[in-house]
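Heads up, the thing below is written out as structure tokens.
The values are calculated or read from the model by the stated rules, or taken from the named source; none is laboratory data. Keep in mind the model is a prediction, meaning the values are calculated, not measured. Quick reminder, even Gly has a Cβ in these numbers, built from the backbone with ideal geometry, and neighbours come from all protein chains shown.
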Ligand SMILES: *Cc1c(COP(=O)(O)O)cnc(C)c1O
């Protein structure tokens, strides 16, 4: 019997649809357990996870070292709020600062909150340090950016659906083409406080800018006294083959945003890191979060960073990424327009005249591989950084099978292509 049940016939999916807001359109699989790069659905079918929860599960599902850190700390002390000190926060932030080379950190939970923290820091720095007249600071962002879903953040998105109906939006944002340093320089005015950029646009379709782009942005920002803030919520912590994607161009931002993998795939943990001068704008009462920096998150974050360093997972991402990219390029199917990415953040752009990325992901699901389309035509491959060479080969084998099916079914109609 096929375990692939139409969503309308699956009682678990029907129940979720009955009660949960329809703000997502999940692939039709109900997952119930996970171990390493493998996930298991409610019927016991195994899938290799090439998505890792949008890069949040870099250490693999239920990583035993991290689960131990979580349960051990949960039994001791979980939440105290920052009305008090805890013995867990300082060691976590010390390692985070040491590893990233940033002097100060402000702990938050979700990526969007850390981005909001960066925006507040940049504006206040602009007004109080740079001397921009109050309430006029501008922040430059990129076309195609993704930084989360708060009202301020979607306000500077260039994706119509992210904004539609959610205005009015906060003023003070200007957008420029991604990958074009000259456009950044041309957009800078005396009111510009910061340039916010993803080193590789993740949700935008795994868009890799030209070599030298970030280094040029660094030079331009320095020359104009504009903060360079890198949103590495997705690209950071080893994902692209270096600890930070900034490291590929040996640049240091003034502000750095981390999230996703920082929580070890167990909790939402994020942080805004910055220079002393930038972080110095925050004084007690300016900004905060009930859960940000709680002992449970700090213990898991510390364990995650320790594991990242100890197991050389950035190097592993580089090696496994090369193996995966080489394997994807070798497929050489006419439906593939391009394969791009760095480390284990890889996008495969498909010709929509042949198949949509969503349909391709549904085929992969049927064959036992989980991935997620982004931007209609791109299938992302971003497995846990702990993936082994033989698991990469297993994934490539499944992707081959999907293209073989595609070749034998392209003459049939889309309806007939739905897999029995
Ligand atoms: C996912 C993401 C965010 C938002 O993180 P959430 O935890 O979903 O709020 C911000 N920036 C980038 C680059 C991301 O990929």
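Entry remark, segment 16-26: residues being surrounded by 13 or more Cβ atoms within 10 Å (Cβ to Cβ) and either under 19 Å from the mean Cα position of the chain (by Cα) or in the same structural domain as residue 295 (by TED's automatic domain parsing) (or both) number 1 in total. Scanning for something modelled with pLDDT of 95 or more, within 16 Å of the ligand (Cβ to nearest atom) and in a loop (DSSP other than H, G, I, E, B), does segment 244-257 turn up at least one residue? Yes, segment 244-257 contains at least one residue that is modelled with pLDDT of 95 or more, within 16 Å of the ligand (Cβ to nearest atom) and in a loop (DSSP other than H, G, I, E, B). Taking the conditions (1) surrounded by 15 or more Cβ atoms within 10 Å (Cβ to Cβ); (2) more than 21 Å from residue 264 (Cα to Cα); (3) in contact with a helix residue (DSSP H, G or I) (Cβ under 7 Å, 6 or more places away or on another chain) in turn, residue 142 satisfies each one other than (3).
The residues on offer are 52, 81, and the sole one that is farther than 29 Å from residue 172 by Cα, touching a strand residue (DSSP E or B) at 6+ places or on another chain (Cβ under 9 Å) and either touching a residue at least 40 places away in the same chain (Cβ under 8 Å) or surrounded by 17 or more Cβ atoms within 10 Å (Cβ to Cβ) (or both) is 52. Identify all residues within segment 278-296 that are under 12 Å from residue 105 (Cα atoms) and not in a loop (DSSP other than H, G, I, E, B); write none if there are none. Within segment 278-296, 278, 279 meet the criteria. Selection of segment 117-151 for residues being under 18 Å from residue 204 (Cα atoms) and not in a loop (DSSP other than H, G, I, E, B) yields 140, 141, 142. The condition (being within 16 Å of the ligand (Cβ to nearest atom) and outside the structural domain of residue 392 (by TED's automatic domain parsing)) is satisfied by just one residue among 101, 111, 131: 111. Being in contact with a helix residue (DSSP H, G or I) (Cβ under 6 Å, 6 or more places away or on another chain) and either crowded, with 21+ Cβ neighbours inside 10 Å or modelled with pLDDT under 95 (or both) holds for only one residue in 324, 367, 345, and it is 324.
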